[in-house]
Amino acid sequence: MVHLQSWLRGGLKDDERLIPFAPFCHQVREIADSFSSEKLRWTPEALLELQDKAEDYLSQVLGAVIRLVRGVMKHPIPWYGNNTRLTQEQKEAVFVLSCGTSGVPVYVHTMTECDFTGAPLALPVQYCQRFLAPRLGSEKGQIKLFYSNNLTCSEISFSTECRDFRLYTWSHYIKSNCVKEGDTYAFTFEEDEEGGLLSVRMHALNGMLGSEEYDKERPQRLQGSEEGTLSMEQRVAVARTASICIPYSPFVRMVLEITACCSSGISWSRDALLSLHEAAVKHLVSLYEVVNQFATLLTPYISDGTKLTPEEEQAAISLSYDCASGIRTYIWTIKGSNRELVFQKKFSEQYLSPYLGSGRWIAKVFAGNDLSPFEVSLHMTKPQRAALYGGWPHFMKINGFKKGDVCAYTFEEGEDEEGAPLSLRVHLLRAAPM
């Protein structure tokens, strides 16, 4: 894990390997012995060559994960019109549509009575000026409008003269396609392969939910928001981008080449290749989720809106590598009273409660990298908030911490089995102005 952390931080030292040699050799011999009835002997040169190949493969996989992360970040966030409410399934459909090539976010609109009165459809000024006006090339003209997956289109007039984006003869168009009031549609802007011109496509998302149905959906929408887990939108984008990172045709050629080298007479059915490709994509998605959870734990937990500079944030991330498993670095600006330190409830419940339980502990607290600890009382209060009190004011005074100092708090696993399960280090990130 240490070597993987070094790789993620930006590189390994000259004497470091991504895969440690001794455990790798032990694993190779175990696998070889389990598949062979004879005792195989490995030369050091062969093991080094095998280690190099394994590291190359692992670097390629981790590189694909990083490209996957960057690809997910590029997906534009959908825009929603007034009073538009979607179910989870509809939101997922919208986010899939966002993975287009034009870079213009999907716009979601629910049909109202106004759409059927002859008035033009007007998309917001901010949306138009940010995404459409720079691409349209003129303030008025004709634009192709497609309905659903139809290959035929209608050309209708548009205008951005009023800074918003307006589609004229709109009511005639939607009536001819049997659109009804309350129906919700997603609008995607696609590029023409030849000239790069934009066209519009409407995608039906069913009718608008009533308030009761929407309230029933609310608990489902809120699920999956725990830190370190992927939201529904992220999962959709990750799956889409992973399939792009592993294109089907090159993947099949690679499988057939490897099969031909290892054995003759093996044939693959199309269904088997599709299943294998799907498994490879799922594997890449799972790797992304692991890296995402790891990155979340490295990100400092800022408790009170403290703004960190890039250098301070990087310092806090570096401190996170020494934290106990599953605990993030806690950032807090010292306030006026130093009688006790009470950690935020969410941080306490998610990261500290699994270690502390309901017990009262005498914890060791260190200032920075000092080796001499102070003893401070630590326990979980009734509202599930961890608190440091007895001995805390003395620690703050002796070590010169004062109001306005920005500090990073890192929890490490306690070394004494009978003592507190966690110890604490307080690092000064920024001293208060004089």
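Read the figures in this text as sums done on the coordinates, not as results from a lab. Predicted model, so just to flag it, every value in this text is computed and none were measured. Positions of Cβ are backbone-derived with ideal geometry, glycine not excepted, and every protein chain shown enters the neighbour counts.
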(message) Run through segment 103-169 and list the GluC sites (Glu not before Pro) located in a DSSP loop whose Cβ has at most 10 other Cβ atoms within 10 Å.
(response) 161
(request) For segment 289-434, report the translational diffusion coefficient in µm²/s to the nearest whole number, using Stokes-Einstein at 10 °C, 1.306 mPa s, and a Kirkwood Rh over Cα pairs. (result) 103
(request) Please report the Cα spread of segment 97-201 along all three principal axes, rounded to whole Å, starting with the longest. (result) 33, 30, 22
(request) Taking 7 Å along the Cα-to-C-beta vector as the label spot, tell me the residue 172-residue 153 distance in nanometres, rounded to one decimal. (result) 1.9
(request) At 7 Å along the Cα-to-beta-carbon direction for both residue 117 and residue 53, put a label point, then send me their distance in nm to one decimal. (result) 7.3
(request) Determine the gain in length on full extension of the stretch residue 369-residue 325; use 0.36 nm per residue of separation and subtract their C-alpha separation, reporting nm with one decimal. (result) 13.9 nm
